[in-house]
1. Which members of region 206-221 meet the condition of being closer than 13 Å to Val240 by Cβ and assigned to a loop (DSSP other than H, G, I, E, B)?
2. Looking only at region 369-390, filter to residues that are part of a helix (DSSP H, G or I) and in contact with a helix residue (DSSP H, G or I) (Cβ under 8 Å, 6 or more places away or on another chain); which one of those is surrounded by the fewest Cβ atoms within 10 Å (Cβ to Cβ)?
3. Are any residues in region 253-275 within 30 Å of Ile129 (Cβ to Cβ) and crowded, with 20+ Cβ neighbours inside 10 Å, and if so, which ones?
4. Could you tell me how many of the residues in region 124-142 are closer than 24 Å to Asp162 by Cα and among the aliphatic types (A, V, I, L, M)?
5. So which of Ser342, Ser365, Ser306 ends up being under 19 Å from Gly212 (Cα atoms) and among the small types (Gly, Ala, Ser)?
6. For Arg57, only one of the following conditions fails: (1) touching a His at 6+ places or on another chain (Cβ under 8 Å); (2) surrounded by 11 or more Cβ atoms within 10 Å (Cβ to Cβ); (3) at negative phi. What is its number?
7. Take region 128-170 and flag every residue that is in a helix (DSSP H, G or I), surrounded by fewer than 18 Cβ atoms within 10 Å (Cβ to Cβ) and of a type in the set (A, V, I, L, M, F, W, C).
8. Go through region 225-267 and give me each residue that's part of a helix (DSSP H, G or I), touching a residue at least 60 places away in the same chain (Cβ under 8 Å) and touching a strand residue (DSSP E or B) at 6+ places or on another chain (Cβ under 6 Å).
Amino acid sequence: MNILLLAPHPFYQERGTPIAVNLLLQALSGQGHTVDVLTYHEGSDVTYPGMTLHRIRRPLFTRNVPPGPSLKKIVCDLMMLPAALKMARNTRYDLVHAVEESVYMAMAIRRRTGIPYLYDMDSSLARQIAEKFGVLKFLLPLMTHAEGTAIKGAIGVIPVCDALAKIARDEGARKVVLLSDISLLQPSSDADRAAVSHLFPTHNRLRFMYLGNLETYQGADLMLESFARFIKAGGQATLVIAGGKDADIQRYRAMASVLDIANDTQFLGPQPVSRMAALFEVADILVSPRIKGNNTPMKIYSYLASGKAILATDLPTHTQILTPAVAYLAPPQPEPFAAAMSRLANDKSLREQLGQTARDLALRSYSRESFLKTAKDLYDWVKTELHPQI
């Protein structure tokens, strides 16, 4: 099939949705499809057989487009819409594969050209905007209606987690295919282990480790406040934070100083995905303190595959994947989260038990093979749906 894939974010970058799109492109290329990708002006170029990458022109004042809703994203999307419409008019596509908010561009394309679309639902846009911009909560019913219209109009919806699948079904989606994220862990190389060893010359303290961006919804404030309570109560450990933009790192470094845990907290800055396994090898407990959202953080799948104990907030963003059998789940408040840190720090056998069951789950349900099979089955169905005579 000839596919127009709309990716409204910097691509390629080593963060959640762009990583998922990159995996999808590998799958589509492997199936022999022809794919035109329209994406933002930022990111590293990637190429696969049958794939052509197209970028919007760079708007003014839109460098370093962050994850999640933002004014910069709105500006980029406004640039992307006419480019998408032009591509759809000039090329005969069988399908538009619309990621996140580009589903509204796909709706406009369908109205003008009749090309059907798949909705790649990585989050609930309505709820995400209402959570990030509280002043817009009064618009939630309108945004929810618009999201429901996008879902109903799609030939199929591809949610990344059970919570989003439920939203799609409740809104009357014609077909729902759950395409979960997967672990990105690859065996660590000698070079990666050497690089990590320079970051950690000694290993004489237990290590909590967080990997990911430092946007507010990720819960870094909760993590630091809880860790400060853990240290004040006599805990002996280091909190390692990998990822985040410079401005966020400086803000949380200042917070660590105020909480008197600066000497116990290590900020590594952004790290390549290839180094993830080597980082996890020197960690004892992996932390996901996320406080908002209903989609599962992509890092959770790599956390599971690492075989290390996981500490996470007991919110739907985690509990649709994580159970007490594979992770230690704690309420998203500093006192109980600190108590959970203490429990895991003092119980090595519990850490080992959780790590083993987590790894088993990752191998069983969230492997690259399972992702590729689901993607193939989905597109086999799409081809039959669009071209039943073939």
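The values are calculated or read from the model by the stated rules, or taken from the named source; none is laboratory data. This one's a predicted model, so the numbers in the text were calculated from it and none came from an experiment. Here Cβ is always computed from backbone atoms with ideal geometry, including for glycine, and neighbour counts include all displayed protein chains.
1. Filtering region 206-221 down to residues closer than 13 Å to Val240 by Cβ leaves 206-212, 220.
Of everything in region 206-221, just one residue is closer than 13 Å to Val240 by Cβ and assigned to a loop (DSSP other than H, G, I, E, B), namely Gly212.
2. So in region 369-390, the residues part of a helix (DSSP H, G or I) come out as 369-386.
Next, from what is left, pick out any that are in contact with a helix residue (DSSP H, G or I) (Cβ under 8 Å, 6 or more places away or on another chain): 371-372, 375-376, 379.
On the way: Phe371: 21, Leu372: 17, Ala375: 20, Lys376: 14, Tyr379: 22.
Only one residue fits best here, namely Lys376.
3. Step one: of region 253-275, the residues within 30 Å of Ile129 (Cβ to Cβ) are 253-255, 267, 269-271, 273.
Within region 253-275, no residue meets the criteria.
4. The qualifying residues number 6.
5. Details: Ser342 fails: under 19 Å from Gly212 (Cα atoms); Ser365 fails: under 19 Å from Gly212 (Cα atoms).
Ser306 is the lone residue from the list that is under 19 Å from Gly212 (Cα atoms) and among the small types (Gly, Ala, Ser).
6. (2)
7. If the condition is that a residue be in a helix (DSSP H, G or I), surrounded by fewer than 18 Cβ atoms within 10 Å (Cβ to Cβ) and of a type in the set (A, V, I, L, M, F, W, C), then Val135, Leu136, Phe138, Leu139, Leu140, Leu142, Ala146 are the ones that fit.
8. Result: Phe227, single match.
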